[in-house]
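The values are calculated or read from the model by the stated rules, or taken from the named source; none is laboratory data. Bear in mind that the values here come from a model prediction, so they are computed numbers and not experimental data. Don't worry about glycine lacking a Cβ; one is built from the backbone with ideal geometry, like all the others, and counts go over all protein chains shown.
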Amino acid sequence: MFPINHPKSKKIIGVNLPLSLGIENLDSLLGGLSVGELVLLEGDSSALSLSHLLCVRSQLPEDGGGLGSSVVWIDLLLEDCEELFGLFGYTKERTAEILGDVEQEKFT
């Protein structure tokens, strides 16, 4: 597994191509990761493992197969989101509306 912009792959001079996710179907769907993008991964332990891997690989230098980029990791449970929104006066119901597809029962 190596990034799309790795020396072993085709590179367009002067253009930073995205980092491969290492999963062909995800790469074709998302197009990989690029510097400056915000990515949200949600799921079980496999999503967590993929997140860890991508955070490490994104920080590697380009000549080492990475993006040479900084990474910010944020990990919040739904209950933590409710608490944070509550600090600003939001109800459980309003928090669920803001977060979109989150089921309200998960906040109880």
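For the reader, a short list of remarks on this structure follows.
- Of the criteria (1) out of contact with any Leu (no Cβ under 9 Å at 6 or more places or on another chain); (2) farther than 23 Å from residue 99 by Cβ, which one residue 37 fails: (2)
- In segment 20-42, the residues that are on the phi > 0 side of the Ramachandran plot reach residues that are outside any loop (DSSP other than H, G, I, E, B) and surrounded by 13 or more Cβ atoms within 10 Å (Cβ to Cβ) with C-beta atoms within less than 9 angstrom, at least six apart or across chains, in these pairs: 22/50; 22/53; 22/54; 22/57; 32/19; 32/26.
- Candidates in segment 72-108 are the residues that are at pLDDT 80 or above and of a type in the set (Val, Ile, Thr); of these, the one that is surrounded by the fewest Cβ atoms within 10 Å (Cβ to Cβ) is 91.
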